[in-house]
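The values are calculated or read from the model by the stated rules, or taken from the named source; none is laboratory data. Quantities reported herein were computed from a predicted structural model and do not represent experimental measurements. Backbone-built Cβ (ideal geometry, glycine too); neighbour counts: all protein chains shown.
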């Protein structure tokens, strides 16, 4: 099976400085591009993902077999996959029997696999149920939020998590639309947004920020990140690298502030690394990706 090249893959490999035989933690397995690259350089990987579909898809590509409930392993044992949220990475390390990693990677946001699967409801360009749960065991969907929150709550959600300048108009128009018919699909919501805002901004679809805000709150992404970063730092051996790719200014701010405030870490790039012109030509999804890297010094 062919692998897609993950966002900022070259930069991630340079940041992690993969050493053959050392242990690395990929906190966001997704389509497996970063994990495969680390394995190809001789690293040993412990990978996490909450999404059953993504794990089933990627484990086949990487040759990992299900060992027991929630755990997949390759025959050479160089890769072990756990079905867990990345905020539980310290518990996963304990289960794996690994006390320190040479590198930890977070590739935040939605995997290409999720975006390309309409049934998961992450993409405004593909019609599907308005779901957006990375872990399908979660109770609240994006549809529950878009149909259940009042106008003020929607405005606050779009403003704080989507940084959407048209939040008030969008909240009002969504509430009016759902009085006529419940908003059930990604296309339903995208059409309401397009009708309300009526334009693209610098090539960005008008639904982008609303969909992002909904996804963040459905999956509690910012709180999970705040919990995970200090745990990841504690799992690094001296000289180990922590690399985080974010796609949203709120995520990037959390990462930057943590790197600055954590005395055991030294920031290696004052400004985040971004995609090259060549990568942007090949993958538009890389346009908002920012990579920050820190090294464990004590």
Legend entry - Count - residues of region 120-144 that are surrounded by fewer than 19 Cβ atoms within 10 Å (Cβ to Cβ) and over 18 Å from the mean Cα position of the chain (by Cα): 8
Inset, instruction - Report yes if some residue within region 225-244 is in a loop (DSSP other than H, G, I, E, B) and either buried (at least 20 other Cβ atoms within 10 Å of the Cβ) or without any contact (Cβ under 8 Å) to a residue 24 or more places away in the chain (or both); otherwise report no. - result: yes
Inset, instruction - Answer yes or no as to whether residue 246 is modelled with pLDDT of 95 or more, outside the structural domain of residue 210 (by TED's automatic domain parsing) and under 21 Å from residue 33 (Cα atoms). - result: yes
Legend entry - Candidates 152, 97, 148, filtered to the one that is closer than 21 Å to residue 55 by Cβ and out of contact with any helix residue (DSSP H, G or I) (no Cβ under 6 Å at 6 or more places or on another chain): 97
Inset, instruction - Please state which one of 270, 260 is at pLDDT below 95, out of contact with any helix residue (DSSP H, G or I) (no Cβ under 6 Å at 6 or more places or on another chain) and surrounded by fewer than 14 Cβ atoms within 10 Å (Cβ to Cβ). - result: 270
Inset, instruction - Output the residues belonging to region 257-281 that are free of Cβ contacts under 8 Å to residues at least 24 places away in the same chain and part of a helix (DSSP H, G or I). - result: 257, 260, 261, 277, 278, 280, 281
Legend entry - Scan of region 180-204 for residues that are modelled with pLDDT of 95 or more and part of a loop (DSSP other than H, G, I, E, B), ordered by number: 181, 182, 183, 184
Inset, instruction - Output the residues belonging to region 109-122 that are at pLDDT below 95 and closer than 19 Å to residue 286 by Cβ. - result: 109, 110, 111, 112, 113, 114, 115, 116
Legend entry - Selection status of residue 80, at pLDDT 95 or above and either on the phi > 0 side of the Ramachandran plot or in a helix (DSSP H, G or I) (or both): no
Inset, instruction - Test each condition in (1) touching a strand residue (DSSP E or B) at 6+ places or on another chain (Cβ under 7 Å); (2) crowded, with 23+ Cβ neighbours inside 10 Å; (3) not in a helix (DSSP H, G or I) for residue 19 and report the one that comes out false. - result: (2)
Inset, instruction - Could you check, for region 84-91, whether at least one of its residues is modelled with pLDDT of 95 or more and either outside the structural domain of residue 18 (by TED's automatic domain parsing) or within 20 Å of residue 5 (Cα to Cα) (or both)? - result: no
Inset, instruction - Show the residue pairs that are 6+ apart or on different chains and have beta-carbon atoms under 8 Å apart, the first residue being within region 149-169 and under 15 Å from residue 215 (Cβ atoms), the second being surrounded by fewer than 15 Cβ atoms within 10 Å (Cβ to Cβ). - result: 163/249
